[in-house]
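One structure is given here, and the rest of the page talks about it.
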Amino acid sequence: GLGLLGWHKPVIGRSILSGTVHEVMRDARSQVAVYLERRPQPWRRVLVLYRGGVHDRAAVEMGRRIAAGERVEVQVLQVAGPGAGEGAEPEPGWAEALAAGGVKLRTVESAAPEEAAVVEARRGYDLVVVGASGAWGLEPSALGTRGERLAGETAASLLIVRGYPPAAEA
């Protein structure tokens, strides 16, 4: 149920999620993740970003899998829109389910989710797990010319997850 791609510098465009990676993410009939290694394993501190949608839910599930490993601290940062309030959950019992899997959850309010993600990612994480969505500046595109700030301004490795089925987000 998961295709894992290693990242390589694109021949055309500047985007992490362009070219062949875009085609795989668009056409695969399973979850797909792209791994951009900057800090090799073992990971000790992992950040998972959550805003909502099928891709972010897939990223959280990936974080739960990683948390099952030995001595890995996994933090989910849920970025809620202004006025949503601390502790806003996408479904009842979500925080408890994460905690049972060894994952910590923190919610912040921000009108700029990408900015909130960059600020948190700079706090010494080895790996950032993130859904492939526009909220994080990471959308697959054929040629890709996006700045992808999260990739450019953090030192952590990235695991970018495209949930399946993508149509479920519509």
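A simple spin-label model places the labels of residue 27 and residue 44 4.3 nm from each other, with each point 7 Å out along Cα-to-Cβ. Straightening the chain between residue 100 and residue 122 buys 5.3 nm, computed as 0.36 nm per residue apart minus the Cα-Cα spacing. Within the shell of other residues whose beta carbon sits under 13 angstrom from the beta carbon of residue 3, the net charge comes to +1, with Lys and Arg scored +1 and Asp and Glu -1.
Taken together, the values in this text are just the output of simple stated rules run on the coordinates, not laboratory data. Only a predicted model underlies this, so the values are computations on that prediction, with no experimental measurement involved. Ideal geometry is used to build each Cβ from the backbone, glycine not excepted, and the neighbour counts take in all protein chains shown.
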